[in-house]
1. Please determine, by comparing only the residues of the range 212-260 that are touching a Leu at 6+ places or on another chain (Cβ under 9 Å) and aliphatic (A, V, I, L, M), which one is farthest from N282 (Cα to Cα).
2. For the range 247-255, state whether one or more residues are free of Cβ contacts under 8 Å to residues at least 40 places away in the same chain and under 26 Å from the mean Cα position of the chain (by Cα).
3. Has the range 131-140 got at least one residue that is within 30 Å of I69 (Cα to Cα) and part of a strand (DSSP E or B)?
4. Quick check: anything in the range 337-344 more than 25 Å from the chain's Cα centre (by Cα) and open to solvent by less than 80 Å² (accessible area, probe 1.4 Å)?
5. Of all residues in the range 115-146, count the ones that are among the hydroxyl-bearing types (S, T, Y) and either open to solvent by 60 Å² or more (accessible area, probe 1.4 Å) or closer than 20 Å to L187 by Cα (or both).
6. Mind checking whether some residue in the range 273-284 is within 20 Å of L361 (Cα to Cα), in a strand (DSSP E or B) and open to solvent by less than 70 Å² (accessible area, probe 1.4 Å)?
7. Do you know which of the residues in the range 14-65 that are β-branched (V, I, T) and surrounded by fewer than 15 Cβ atoms within 10 Å (Cβ to Cβ) is nearest to the chain's Cα centre (by Cα)?
8. How many residues are surrounded by fewer than 13 Cβ atoms within 10 Å (Cβ to Cβ) and outside any strand (DSSP E or B) if we restrict to the range 147-175?
Amino acid sequence: MNLNEDNYWKSFQIDSYISYKFSDEKKISFDFNYLKYLNDQPINYKITNSENSLLERNLLSKKNSPFNIKALMLDYEDKILKKINFSSGLKLIKSDFINENSLFEESQIVDFFTSTSKLDESVSAIYAQFDTNFGNNITFKSGIRFENTQTLVTNQIGDALVDRNYGNFFPSIYLGYKLNDNNNLNLSFSKRINRPAFTDLAPFVIFFDLDSGIQGNTSLQPSFTDNYQIDYRFKSISISAQYAYEKDVMGKFQPKFLEENGFLILRPENLDSQKTLSAIINFPIYPVNWWNIRFFTTYSYSNLVHQSEQYSLDRVNSSVIFNINNDITLGKDYTLQIFGSYRSRQLFGAYDLLPAGMLNLTLQKKTDNFIY
């Protein structure tokens, strides 16, 4: 199979911002953004049978996906009782796109892989945040945000493929305690949302062969995460522990078998839940005055659970991410950097991400001027 793909993108963006300052502590601001994207992605496939060269097939896949994003934000900042910093705001994001996907074989349209879908989505949010200091040692921050999401996806004849209307609260709280000049302790909790990208929602098809390919998923939902974290810092050494519980995990390239035509697609899917416990340590080392080393290491233990009609998962995995950065001063304004990373096996939905690593070397020369 020979594949020839073109991927054209055009974009247009307008940003505007205005603010009014009542005093050094009180301010109001308004922000408006408009973004327009046009994506055209034709792909030509030429498939030849190795046993019979006369059985040649020519396919043309077309995808056209224009979409628009409008964002309006109103923010207010003030200080209450001379020691409490207060901020609040409103936000509205309106998005829409039309995805036209078609497949032709020898100039004849293939109905099963041809579709038109339209998405209209609006996300409105209101938030408030407080932060203050109790004495010189305690810092407290707290906030809450409410979001309402309305999503409608229809097909070419106007039938609703997705129709959602839901609201969610997202609280956050942070407490920092400075024991002394060398020791700091922080505690935090937050609830977060991770929304799917438009490229995951658009029902495009890219073929591996005649029986399998990659496809988008118009029914993909956002994931929600409860995150708990404790941090301890001693001088330049930082240690953290995190626990995260994520619902409706968005797994990339998950398998789905279509019984009506025997086609296997890999597409983003929502998996039931994942629990992750992580420990992070970050510290520098200075062997000599011309050599600086910084380590950043994460250990994670994950448990992914999912139950569907086609398969079930109950997977556990331990993984390590290791980063190291070396800065070596060579003299005469030359610096050598050696930095790299290593990641052990990780969960990727129904699959595993195999271990991977990289090593980089850079040489830097500082100069006051450069004359050609």
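The values are calculated or read from the model by the stated rules, or taken from the named source; none is laboratory data. Just so it is clear, the structure is predicted and the values come from calculations on it, not from any experiment. Glycine also receives a Cβ, built like all others from the backbone with ideal geometry; neighbour counts cover every protein chain displayed. With ligands, DNA and RNA removed, areas are computed over all heavy atoms of the protein, side chains included. Shrake-Rupley method; radii C 1.70, N 1.55, O 1.52, S 1.80 Å.
1. Checked the range 212-260; the qualifying residue farthest from N282 (Cα to Cα) is L258.
2. Of all residues in the range 247-255, those free of Cβ contacts under 8 Å to residues at least 40 places away in the same chain come to 247-248.
Applying the additional criterion that residues be under 26 Å from the mean Cα position of the chain (by Cα) yields 247-248.
The answer is yes, given that some residue of the range 247-255 is free of Cβ contacts under 8 Å to residues at least 40 places away in the same chain and under 26 Å from the mean Cα position of the chain (by Cα).
3. No, the range 131-140 contains no residue that is within 30 Å of I69 (Cα to Cα) and part of a strand (DSSP E or B).
4. yes
5. Of the residues in the range 115-146, 4 are among the hydroxyl-bearing types (S, T, Y) and either open to solvent by 60 Å² or more (accessible area, probe 1.4 Å) or closer than 20 Å to L187 by Cα (or both).
6. Checking the range 273-284: at least one residue is within 20 Å of L361 (Cα to Cα), in a strand (DSSP E or B) and open to solvent by less than 70 Å² (accessible area, probe 1.4 Å).
7. From the range 14-65, those β-branched (V, I, T) are 14, 18, 28, 43, 47-48; that's our starting set.
The next check asks that each one be surrounded by fewer than 15 Cβ atoms within 10 Å (Cβ to Cβ); those that pass are 14, 18, 48.
Working: I14: 23, I18: 29, T48: 39 Å.
Restricting to residues being β-branched (V, I, T) and surrounded by fewer than 15 Cβ atoms within 10 Å (Cβ to Cβ), the top hit is I14.
8. Of the residues in that region, 4 qualify.
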